[in-house]
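Heads up: the structure comes next, in structure tokens.
Laboratory data are not the source of any read-out in this text; all were calculated from the coordinates shown. Since the structure is predicted, the reported quantities are computational estimates derived from the model, not experimental observations. Positions of Cβ are backbone-derived with ideal geometry, glycine not excepted, and every protein chain shown enters the neighbour counts.
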Amino acid sequence: MFVDPKPVDPQKLQAFVDTLTQEIHAQADWGKVADYIPELAQVDPAQFAISIVLADGTKVAAGAHHKRFSIQSVSKVFTLACVLGRVGEQIWTRVGREPSGTRFDSILLLEQEHGRPRNPFINAGALVTTDALLEHRAPKDALSEIIGFICAACEDDDIHIDRDVAQSEERTGFRNIALANYLQSYGNMRNDPALTLGTYFHQCAIEMTTDQLAMAGRAIAQLPQAPYVMTRAKARRLNALMMTCGHYDGSGDFAFRVGLPGKSGVGGGILVIAPGRASIAIWSPGLNAYGNSQVGTYAAERLIKFTGWSVFG
Ligand code: GLN
């Protein structure tokens with residue numbers, strides 16, 4: 001069994017996150033909320049939450065950790081987990097596993113690489129994985145599988161889709177619509193692009209609290225208390241992809257500053273995995289230039305300095 005050489009005292013960790021939350025509220029630079037999805041443009045950026053689940057099941061949290069937020073691209077981790085369970089390794093014929101070095105919604109490499117997206121976390125790659133989950137099924141069944149997976153992973157049935165957010169993106173998601181049609185032109189869509197897009201927008205509109213998200217991440221962290229929703233091999237792969245591709249063209253910066261696998265979303269959420277040690281969910285809706293949570297990234301960096309949890313020592 002994994003024995004942590006640097007165990008952290010939960011009480012000290014609680015005191016640390018309480019102080020960090022106060023410090024964050026005292027500072028001014030929250031970043032900018034995603035305004036290309038009208039419903040998300042209305043969210044107050046001056047909010048922060050952090051939840052941590054430790055290997056022994058102890059929970060530590062601070063800030064607005066009971067508040068639901070739009071998980072957006074964090075959902076791509078759960079969809080990929082479902083797809084790996086369903087079609088297994090076949091998915092890699094349709095999507096790569098290399099960092100893209102481009103923005104999350106970029107179309108740039110898609111022409112050069114003949115319609116095979118670089119990885120499953122950029123939008124083009126996520127559309128392909130959602131499309132794979134949808135094959136031979138109705139969108140509501142694919143969405144039920146994703147939500148069912150999340151409910152099982154966090155042992156909580158109270159997980160829902162915010163329909164206003166989904167519809168808001170459906171009305172304005174012209175780049176994603178372009179990406180899906182472009183993928184279709186290369187034969188890399190198995191369903192009507194409109195159905196894949198509808199499923200994708202609804203998966204992104206799942207809302208969760210940081211408490212729920214941290215619980216859902218336990219299986220990826222392979223914590224002993226986690227419910228069995230994935231094999232160790234699958235968790236290892238998700239972690240590798242989160243480390244190299246989880247923050248788009250900011251993935252190198254996140255690895256440099258935090259040193260842990262993470263997956264961000266434009267709702268301001270970040271799921272951070274300390275393998276064998278902890279599952280961490282952070283939320284602050286203001287984004288940095290890469291489209292990742294500005295204060296969330298800062299909080300992750302501070303947490304890792306305090307705990308010494310970077311996988312790089
Ligand atoms: N739904 C968003 C989009 O497709 C998700 C992007 C993100 O969270 N980075 O644009």
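At-a-glance table
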{"quantity": "Estimated dipole of the chain in Debye, rounded to 20 [Cβ of Lys and Arg +1, of Asp and Glu -1, Cα centre]", "calculated": "820 debye"}
{"quantity": "Protection proxy ranking, peptides 66-74, 190-198, 104-112, 286-294, average beta carbon neighbours within 10 Å, highest first", "calculated": "66-74, 286-294, 190-198, 104-112"}
{"quantity": "Protection proxy ranking of 231-242, 46-57 - average other beta-carbon atoms within 10 Å, highest first", "calculated": "46-57, 231-242"}
{"quantity": "Proximal aspartates and glutamates to Lys305, defined as alpha-carbon separation beneath 18 angstrom and excluding residues fewer than eight positions away on the same chain", "calculated": "Asp4, Asp9, Asp18, Glu23, Asp253"}
{"quantity": "Hull shadow area, averaged, region 30-134 [alpha-carbon convex hull, nm²]", "calculated": "9.2 nm²"}
{"quantity": "Scattering profile of the chain at q = 0.08 Å⁻¹ [log10 I(q)/I(0), Debye over alpha-carbon scatterers]", "calculated": "-0.31"}
{"quantity": "C-alpha center-to-center spacing [region 84-151, region 1-72] in angstrom", "calculated": "28 Å"}
{"quantity": "Alpha-carbon centroid distance for the pair region 156-171 / region 178-256, whole angstrom", "calculated": "17 Å"}
{"quantity": "Neighbour cut-off at most 11 other Cβ (10 Å), DSSP loop, chymotrypsin sites (Phe, Trp or Tyr not before Pro), region 225-284", "calculated": "Tyr228"}
{"quantity": "Calculated log₁₀ intensity ratio I(q)/I(0) where the Debye formula runs over C-alpha points of region 11-76, q = 0.19 Å⁻¹", "calculated": "-0.90"}
{"quantity": "Violating pairs (Cα-Cα greater than 30 angstrom) within the set Lys32/Lys234; Lys6/Lys32; Lys12/Lys234; Lys59/Lys140; Lys59/Lys234", "calculated": "Lys32/Lys234; Lys6/Lys32; Lys12/Lys234; Lys59/Lys140"}
{"quantity": "Per principal axis, descending, Cα span of region 240-313 in whole Å", "calculated": "28, 21, 17"}
